[in-house]
Amino acid sequence: MASNELKPVYLITGADRPKIQRALRRLRDRVGQDATELLTAHEASGDDAVAACNSLGLLGGGGRLVIVEDVDRWKAPDTKAVAAYLASPAPDTVLALVAGELKKDSALAKACAKVGDVLVYDVVKRRLAEWVTKQFAERGITVDPDAPRLLIEIVGDDPEELAGEVDKIATWAGGEAVGTREIELLAAGCAEVPGYELTDAWGRRDLPGALASCQTLLERSGDPVSREVPKLLGMLVAHVGRVRDCQLYADEGLTAREAASRLKRHPFYVEKLYAQARNYGPDELRAAVVRLAALDHAVKGGSRLAVDLELERALVDITRPSPLAAAAAGA
């Protein structure tokens, strides 16, 4: 797309959806919004796309742009129709085909490459933090080194969702630098591991912080306490289990990055798990699992106390040092 002359077809694919949207926006700016037709492969076939290109081409009056989203859904007959059209494309008409994932050696990619461009915009997962840093930089914002990794932990690894959060935070920052504190305050969590403030407080043995985070999560939830407490319990059980796994991996001599590969988690998150594992002894983690099992029994009717009170009591038990551990630390 660097050339001044537009080609008859562009196949744009990859996971970097924000970059794909920018490429499409540049095409619309070149051709004109009023001369753009948007189709989706969910409803439009290859023949439909060809018909749109030919009908627009007959209208004259300047260039035309036909965008077809999700063409990785197309079947062989759709590809054949587009390939036949590209043998003699309509003049002054650009066909932009967008796919989430499409191999370069696919029939559609080969047909497009003959007369147009195949643009692949991918995000390498292991370099996602660098990608987030670049997104902030493009908006004139500098970030602390740990801020992008924290944003990924909170939001997840979907580039489009991350870009949306970057836009929001950059607008709020107004050109000022962004650190982990701003990410914590502003980022909307949609990753698999919510409630990180609670698990982080538990991991560093910060009992007041754990209790405060627990109360905040209960207050902010739209669900009743009777439904929210089991959710938080499930989160704690999963988190303590991962910390135990990391403790075992560390005993085997694995680094946090090697453990991240086994756990299929972001290295930044696993580094935090490793740090938390160092704050607890093996017996304490085993006791925490048993205590959470007792909490599960309590919230399912095994106790007459309110479920949120049972949760707080369990947090106290699994966060503060056990008497034996405290005695050993003072020895």
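Observations on the model:
- Filter result for the condition that a residue is more than 30 Å from residue 136 (Cα to Cα), of a type in the set (Val, Ile, Thr) and either in a strand (DSSP E or B) or in contact (Cβ under 8 Å) with a residue 24 or more places away in the chain (or both), over 118, 50: 50
- Only one entry in 217, 211, 248 is assigned to a helix (DSSP H, G or I) and at pLDDT below 90, namely 217.
- Matching entry among 249, 274 (being within 28 Å of the chain's Cα centre (by Cα), over 25 Å from residue 207 (Cβ atoms) and surrounded by 14 or more Cβ atoms within 10 Å (Cβ to Cβ)): 249
- Condition check for residue 149: assigned to a loop (DSSP other than H, G, I, E, B) and open to solvent by 50 Å² or more (accessible area, probe 1.4 Å): no
- Every residue from segment 276-326 that is of a type in the set (Ser, Thr, Tyr), assigned to a helix (DSSP H, G or I) and within 20 Å of residue 224 (Cβ to Cβ): none
- Residue tally, condition under 33 Å from the mean Cα position of the chain (by Cα) and open to solvent by less than 50 Å² (accessible area, probe 1.4 Å), over segment 309-325: 6
- Residue in segment 90-108 that is part of a helix (DSSP H, G or I) and surrounded by fewer than 20 Cβ atoms within 10 Å (Cβ to Cβ) present: yes
- Some residue of segment 196-206 being under 21 Å from residue 299 (Cα atoms) and β-branched (Val, Ile, Thr): yes
- Selection count, segment 277-295, where residues are farther than 17 Å from residue 317 by Cβ and surrounded by 15 or more Cβ atoms within 10 Å (Cβ to Cβ): 1
- In segment 1-41, of all residues being outside any loop (DSSP other than H, G, I, E, B) and acidic (Asp, Glu), the one that is most open to solvent (accessible area, probe 1.4 Å) corresponds to 34.
- Criterion violated by residue 70 - all others in (1) farther than 30 Å from residue 139 by Cα; (2) among the charged types (D, E, K, R); (3) at pLDDT 90 or above; (4) surrounded by fewer than 19 Cβ atoms within 10 Å (Cβ to Cβ) satisfied: (1)
- Some residue of segment 122-140 being in a loop (DSSP other than H, G, I, E, B), within 16 Å of residue 9 (Cα to Cα) and among the small types (Gly, Ala, Ser): no
- Within segment 118-129, the set of residues being of a type outside the set (Val, Ile, Thr) and crowded, with 18+ Cβ neighbours inside 10 Å comprises 128, 129.
The values are calculated or read from the model by the stated rules, or taken from the named source; none is laboratory data. Since the structure is predicted, the reported quantities are computational estimates derived from the model, not experimental observations. All Cβ positions, glycine included, derive from the backbone under ideal geometry; neighbour counts span all protein chains shown. When the accessible area is computed, the model is the full protein with side chains, heavy atoms only, and any ligands, DNA or RNA have been set aside. Shrake-Rupley method; radii C 1.70, N 1.55, O 1.52, S 1.80 Å.
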